[in-house]
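Undergrad: Let me give you the structure first, and then I'll get to my questions.
The values are calculated or read from the model by the stated rules, or taken from the named source; none is laboratory data. The structure displayed is predicted, hence computed values, not measured ones. Counting neighbours? That spans all protein chains shown, and the Cβs are built from the backbone with ideal geometry, glycine included. Side chains are part of the model used for accessible areas, which takes the heavy atoms of the whole protein and leaves out ligands, DNA and RNA. Shrake-Rupley method; radii C 1.70, N 1.55, O 1.52, S 1.80 Å.
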Amino acid sequence: MAGMANWALAMELGSRIDAIHARANRATTRELAADLDAVRTLAAANGVAPALPVLHALEAALARGERGATIADALTLLGEAVRCGRDDPQASALYAAACAVRRCG
């Protein structure tokens, strides 16, 4: 997928992530998990591999009952992952490490 398609995909994923971020404090854990699953499906189907470890970390944080700053930080990191423009294993490892350092996963 090249150029304009990548841009459109990043915009779509970014819009979904922004919407999740905007309602993260009001939504139930189940609602957030469903929204994140939709992002995961779109990202996985389109080869946005760096987003996957961040999504995994977000889901783990939600399962532990985390909310607030932890979720907000992870959503910011997720937005960065979908816009990074890379799909290689090193990029995925980098974002997985970032989750560990930021303690969102």
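Undergrad: Are any of the residues in region 41-61 more than 10 Å from the chain's Cα centre (by Cα), part of a helix (DSSP H, G or I) and in contact (Cβ under 8 Å) with a residue 40 or more places away in the chain?
TA: Yes, region 41-61 contains a residue that is more than 10 Å from the chain's Cα centre (by Cα), part of a helix (DSSP H, G or I) and in contact (Cβ under 8 Å) with a residue 40 or more places away in the chain.
Undergrad: Right, something else. Of the residues in region 15-37, how many are of a type outside the set (Ser, Thr, Tyr), in contact with a helix residue (DSSP H, G or I) (Cβ under 7 Å, 6 or more places away or on another chain) and in a helix (DSSP H, G or I)?
TA: Just the residues of region 15-37 that are of a type outside the set (Ser, Thr, Tyr), to begin with: 16-27, 30-37.
Imposing the further condition that a residue be in contact with a helix residue (DSSP H, G or I) (Cβ under 7 Å, 6 or more places away or on another chain) reduces the set to 16-17, 20-21, 24, 32-33, 35-36.
Now narrow it down to the ones that are in a helix (DSSP H, G or I): 16-17, 20-21, 32-33, 35-36.
Total meeting the criteria: 8.
Undergrad: In region 79-105, what residues are of a type outside the set (Phe, Trp, Tyr), open to solvent by 10 Å² or more (accessible area, probe 1.4 Å), in contact with a helix residue (DSSP H, G or I) (Cβ under 7 Å, 6 or more places away or on another chain) and part of a helix (DSSP H, G or I)?
TA: Listed by number, the residues that qualify are 82, 83, 92, 96, 98, 102.
Undergrad: Could we say that residue 76 is within 10 Å of the chain's Cα centre (by Cα) and surrounded by fewer than 16 Cβ atoms within 10 Å (Cβ to Cβ) here? Give the derivation first.
TA: On the way: within 10 Å of the chain's Cα centre (by Cα): yes; surrounded by fewer than 16 Cβ atoms within 10 Å (Cβ to Cβ): yes.
Criteria met by residue 76.
Undergrad: Looking at region 62-73, which of the residues that are in a helix (DSSP H, G or I) and open to solvent by less than 60 Å² (accessible area, probe 1.4 Å) is modelled with the lowest pLDDT?
TA: Checked region 62-73; the qualifying residue modelled with the lowest pLDDT is 70.
Undergrad: Return yes when residue 37 is closer than 20 Å to residue 11 by Cα, open to solvent by 20 Å² or more (accessible area, probe 1.4 Å), among the acidic types (Asp, Glu) and at pLDDT 95 or above and no when it is not.
TA: Working: closer than 20 Å to residue 11 by Cα: yes; open to solvent by 20 Å² or more (accessible area, probe 1.4 Å): yes; among the acidic types (Asp, Glu): yes; at pLDDT 95 or above: yes.
Taking the combined requirement at face value, the residue satisfies it.
Undergrad: Out of (1) open to solvent by less than 60 Å² (accessible area, probe 1.4 Å); (2) small (Gly, Ala, Ser); (3) under 14 Å from the mean Cα position of the chain (by Cα), what's the single condition that is false for residue 15?
TA: (1)
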